[in-house]
């Protein structure tokens, strides 16, 4: 019995996802530069020609993974945007960020590994940088609505601390107490922590 159009589409989507999953695994383990399309095809269990049929280059594969990441980020945004209280917004944003790292460990390792690559194409750098800046702006908006005097600088501090936590989790893996550290991070940016920060600056 011949396959239906829907069945062909399901097979196509499954093959595409297999290739993406293989690329994500190898990029996170070996790095972007040291992974070839042949490696990815072998890991996915498909021919090199089929891999190129879905993705014309290794860069396009990396861009597709970033698109997956952005989709997850947009889901987080939708949840946070539905909250009115800025303190609660920030608390939920931090909790969702922790959940993202814990539930998408391979993807997180890919993102960190990719940021450490000695040579990546400008298109991918811009692609990642634009969305990162967008997310930082969302955090800055929250700080402004809370009344933080220099919201931009506080956003940089927030970003540096979060990136440091993520980097240590990447380097130390299971030896890094991410939940305990994230609890301290959340405490620093809790309602009480931020109100204490505002009060200290007012006293200066």
Checklist entry - Once label points are set 7 Å from the Cα along Cα→Cβ at both residue 74 and residue 203, what is their separation, rounded to one decimal in nm? => result 4.6
Item to check | Calculated FRET value between residue 150 and residue 103, using beta carbons and R₀ = 25 Å, to 0.05 | outcome: 0.15
Item to check | Least to most buried among 126, 141 (fewest other Cβ within 10 Å first) | outcome: 126, 141
Checklist entry - If each residue's Cβ is checked for other Cβ atoms within 10 Å, how do 170, 189 rank with the fewest at the top? => result 170, 189
Checklist entry - How far is helix 58-81 tilted, in degrees, relative to the longest principal axis of the Cα atoms in the chain, given as a value from 0 to 90 rounded to the nearest 10? => result 40
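Using a Förster radius of 30 Å, what is the FRET efficiency between residue 42 and residue 157 based on their Cβ-Cβ separation? Nearest 0.05, please.
The calculated FRET efficiency here is 0.10.
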Checklist outcome for this item: Treating every alpha carbon of the chain as one equal point scatterer without solvent, the Debye formula yields log10 I(q)/I(0) values at q = 0.08, 0.14 Å⁻¹ of -0.36, -0.90
Item to check | Residue among 42, 186, 98 with the largest mean-square fluctuation in a Gaussian network model of the chain, springs linking Cα atoms under 10 Å | outcome: 42
Item to check | the chain: angle of helix 122-146 to the longest principal axis, Cα-based, in degrees nearest 10 | outcome: 30
Checklist entry - Which of 61, 20, 194 moves most in a GNM of the chain, Cα contacts under 10 Å? => result 194
Checklist entry - What is the list of residues in region 20-61 whose amide nitrogen lies under 14 Å from a point 7 angstrom out from the Cα of residue 14, following Cα to Cβ? => result 45-46
Checklist entry - Nearest 10 degrees, 0 to 90: what angle lies between the long axis of helix 151-172 and the longest principal axis of the chain (Cα atoms)? => result 50
Item to check | Sites residue 88 and residue 173 - FRET efficiency at Förster radius 25 Å, r taken between beta-carbons, to 0.05 | outcome: 0.20
Item to check | Whole-Å semi-axes of region 11-80's equivalent ellipsoid (Cα gyration tensor) | outcome: 23, 14, 10
Checklist entry - How many nm separate the modelled label positions at residue 117 and residue 57, each set 7 Å beyond the Cα in the direction of the Cβ? => result 1.1
Item to check | Likely footprinting exposure, 130, 95, 39, fewest C-beta neighbours within 10 Å first | outcome: 130, 95, 39
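Values in this text are rule-based calculations from the coordinates and carry no lab data. Please read these numbers as outputs of a predicted model, since none were measured by experiment. Counting neighbours? That spans all protein chains shown, and the Cβs are built from the backbone with ideal geometry, glycine included.
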